[in-house]
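Undergrad: Quick one: the structure is below, and I'll ask about it shortly.
Read-outs: derived from the displayed coordinates by stated rules, not from any lab. For clarity, every value in this text was computed on a predicted model and none was experimentally measured. No Cβ is skipped: glycine too gets one built from the backbone with ideal geometry, and neighbour counts run over all protein chains shown.
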Amino acid sequence: MSDNEPVRQRTFTWEDPLVGVRQAAHLSGLAYIQAIQQGKIAEPPIARLMGMEITEVAEGRVKFSLSPGEYHYNPVGVVHGGVAATLCDSAMACAVQTLLPAGMIYTTLELHVNYVRPMTMATGVVHCLGEVIHQGKRVATAQARLLDEQGRLYAHGTTTCLIFPVTQGGESRE
């Protein structure tokens with residue numbers, strides 16, 4: 001780093017994520033994700049770290065939005081692919097959660113992401129829509145598309161999620 005180059009710094013705070021998980025035991029999945037979107041339940045630390053927010057919630061559908069920043073960059077000067085993967089994973093898994101009854105949660109078993117074009121700060125706000133394809137008692141599948149404001153595709157993906165009960169302490173029973 002050059003002596004003349006400004007130092008870049010980013011800090012953030014978060015709340016205990018298990019408080020929200022414990023509330024999930026008493027809310028339908030749809031009500032739980034809506035409560036996070038509305039700020040009634042604290043957003044997960046990963047959302048705050050990445051700068052992503054839930055912008056749409058419906059049964060079987062969740063949209064996340066993010067404005068790519070310099071802090072998302074990889075060593076070759078574009079947004080790291082992990083940002084797109086995290087957006088896709090979050091949108092798809094939360095879409096699955098919206099279909100679950102109270103006391104049930106999910107975890108990602110498999111994630112597949114296809115990258116179509118690189119993102120930069122110049123890309124502007126991107127939106128990732130996750131939609132459930134199939135929901136069974138123990139397994140659900142979903143898909144996602146990551147688009148910019150003009151509808152250009154940056155990534156798309158699929159997931160398989162395991163569905164299981166949550167305990168009162170916020171830990172899974174699996």
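Undergrad: Search the structure for amide H atoms under 5 Å from the amide H of THR55, placed 1.01 Å from N in the peptide plane, and list their residues when 5 or more places away or on another chain.
TA: Distant-sequence amide H within range of THR55: LYS63, PHE64, SER65.
Undergrad: Taking the chain as a Gaussian network, Cα atoms linked when under 10 Å apart, which of ASP89, ASP16, ASP148 shows the biggest mean-square fluctuation?
TA: Comparing ASP89, ASP16, ASP148 in the GNM, the peak value goes to ASP16.
Undergrad: Another one. Please label the shape of the range 83-123 as rounded, prolate or oblate, based on the square roots a ≥ b ≥ c of the eigenvalues of the alpha-carbon gyration tensor (a/c under 1.5 means rounded; beyond that, a/b larger than b/c means prolate, else oblate).
TA: Details: a/c = 4.03, a/b = 2.42, b/c = 1.67.
Taking the square roots of the gyration eigenvalues as a ≥ b ≥ c, the range 83-123 is prolate.
Undergrad: Separate question: Fully extended, how many nm does the chain gain between THR167 and ALA122 (0.36 nm per residue separation, minus their Cα-Cα distance)? Mind showing how you got there, number by number?
TA: Values: separation 45, 0.36 × 45 = 16.20 nm, distance 4.39 nm.
Taking 0.36 nm per residue and subtracting the Cα distance, the gain is 11.8 nm.
Undergrad: Sticking with this one: So I have (i) 49; (ii) 45; (iii) 52, and one of them is percent of Cα pairs over 21 Å apart calculated from this model. Which one is it?
TA: Comparing each candidate, only (i) matches the computed number.
Undergrad: Fewest Cβ neighbours within 10 Å first, please rank PHE64, PHE164, PHE12 accordingly.
TA: On the way: PHE64 27, PHE164 15, PHE12 9.
With the sparsest Cβ surroundings first, the list reads PHE12, PHE164, PHE64.
Undergrad: Full-extension gain between LEU18 and THR158, please, as 0.36 nm times their residue separation minus the C-alpha to C-alpha distance. Don't jump to the answer; show the numbers that get you there.
TA: Values: separation 140, 0.36 × 140 = 50.40 nm, distance 2.67 nm.
So the extension gain works out to 47.7 nm.
Undergrad: Taking the Cα-to-Cβ direction at GLU70 and at ARG10 and moving 7 Å from each Cα, how far apart do the two end points lie in nm?
TA: If labels sit at GLU70 and ARG10, their model points lie 1.1 nm apart.
Undergrad: Roughly how many Å is it from the Cα centre of the range 21-45 to that of the range 121-149, as a whole number?
TA: If we compute the Cα centre of each part, the gap is 19 Å.
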